[in-house]
Each structure stands twice: as structure tokens, then as C-alpha cells.
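Encoded as C-alpha cells, the structure appears first; notes follow it.
The values are calculated or read from the model by the stated rules, or taken from the named source; none is laboratory data. Being a predicted model, the structure only gives us computed values, none of them experimental. Heads up, the Cβs are rebuilt from the backbone with ideal geometry, glycines too, and the neighbour counts pull from every protein chain shown. Ligands, DNA and RNA are stripped out before the accessible areas are found, and what is left, the full protein with its side chains, is counted by its heavy atoms. Shrake-Rupley method; radii C 1.70, N 1.55, O 1.52, S 1.80 Å.
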Amino acid sequence: MELMSRGITKYEPEMVRKNIRLKLMGDIDRFEDKYKSALLGVEERLSKNSGMTLCICLSYGGRQELVRAFNLLAQQGKTEITAEDISANLYSAGVPDPDLVIRTSGEYRISNFLLWQSAYSEYYFADVFWPDFDRSELEKALDAYSKRERRFGR
């Protein structure tokens, strides 16, 4: 967490210049106060930016996220829950669902990641490991994605 905290703080000025908003997703309360306050401080300072949103998942699990959302809805006294209610109580609230999810390292599973949000996402599976996923690999993924017909469950 020390490395993450320092890295986010180090790149904050660049994110300000590039109008990037930061969205932390996961159980941030699990972290020591010094790391939690540093991360949440950067997220708050960048919250008004309107360009790209950089989402960083920390202590994140899709099932855990859904359980949390349902518990929040129960605490709100909800007895009939809509899809919109669930989306509004996820860590990713306010962030559009992904159009494309890229899974690296030759794995063909989603690994408890963005279970709700990726319901209509397209998946691309790459054989390369994350550190080796470069611009060329991204272009391959985007090329494959551009040839697909999006049906959104229809």
C-alpha cells in the first residue's frame, strides 16, 4: 500500500493536467488510515475532473461488491430492488459499464471481476501476461472488438 499511495500521489499533478478523474473501487476501509487518507484525498481532489476516469480496484471482489450493495439497500429499507438501485450502490456507481474487458495471461475466466458491470461487455482473452501487454497487444484487442456486433442481450 505504501507503493500504491506514493504512486498515486506522484502522478496526481499529471492527472490534474490531463483532466483525469480517479475512482477507487473496493473495500478501502481495510487499509491503514495513512494510506486510506492519502488515496481518498487524491480521489477527492480529482473528483471534479471531467476527462477520462481512471478506476483502480483495491481489495476488490465482485461478489463482495454485490453483497455490500444489497446490504446498503437493505439498510435503506428497500423491499423491492431494481437494477438501477443495485448499480447506484456499487463501488463503480457513476462510471459506465465497460464495453470491453481484456483478460491477460492466457486465462479464460473472469476471476470475480466486475460481475454486475460486465453483463453485456465483450471479452478479449490475450495469451500475454499483464507486464507484456503493450500497445501492439491493445491494438489487437481493439481490432477484434471493432469486428464484433454488439447485441446487449438481444
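General observations
- When I56 is tested against (1) in a strand (DSSP E or B); (2) more than 26 Å from S111 (Cβ to Cβ), just one condition goes unmet, and that condition is (2).
- With respect to (1) touching a helix residue (DSSP H, G or I) at 6+ places or on another chain (Cβ under 9 Å); (2) within 26 Å of K48 (Cα to Cα); (3) among the β-branched types (V, I, T), the lone exception for V95 is condition (1).
- Subset of the stretch 100-111 (residues that are open to solvent by 60 Å² or more (accessible area, probe 1.4 Å) and either among the aromatic types (F, W, Y) or on the phi > 0 side of the Ramachandran plot (or both)): Y108
- Residue check for L54: surrounded by 12 or more Cβ atoms within 10 Å (Cβ to Cβ) and at pLDDT 95 or above: no
- The single condition among (1) modelled with pLDDT of 95 or more; (2) among the acidic types (D, E); (3) assigned to a loop (DSSP other than H, G, I, E, B) that D97 does not meet is (1).
- Of all the residues in the stretch 72-93, those that are touching a residue at least 60 places away in the same chain (Cβ under 8 Å) and either farther than 25 Å from I56 by Cβ or open to solvent by 20 Å² or more (accessible area, probe 1.4 Å) (or both) number 1.
A quick yes/no check of all residues on (1) of a type outside the set (D, E, K, R); (2) within 22 Å of L114 (Cβ to Cβ); (3) out of contact with any helix residue (DSSP H, G or I) (no Cβ under 7 Å at 6 or more places or on another chain):
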| residue | (1), (2), (3) |
| --- | --- |
| P13 | yes, no, yes |
| A38 | yes, no, no |
| E44 | no, no, yes |
| Y60 | yes, yes, yes |
| E65 | no, yes, yes |
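- Residues within the stretch 116-145 that are open to solvent by 80 Å² or more (accessible area, probe 1.4 Å) and not in a loop (DSSP other than H, G, I, E, B), tallied: 7
- Within the stretch 119-154, being of a type in the set (G, A, S), farther than 13 Å from V101 by Cβ and touching a Phe, Trp or Tyr at 6+ places or on another chain (Cβ under 8 Å) holds for one residue alone: G153.
- For the stretch 10-32, filtered to residues that are in a helix (DSSP H, G or I) and open to solvent by 50 Å² or more (accessible area, probe 1.4 Å), the residue that is farthest from L58 (Cα to Cα) is R17.
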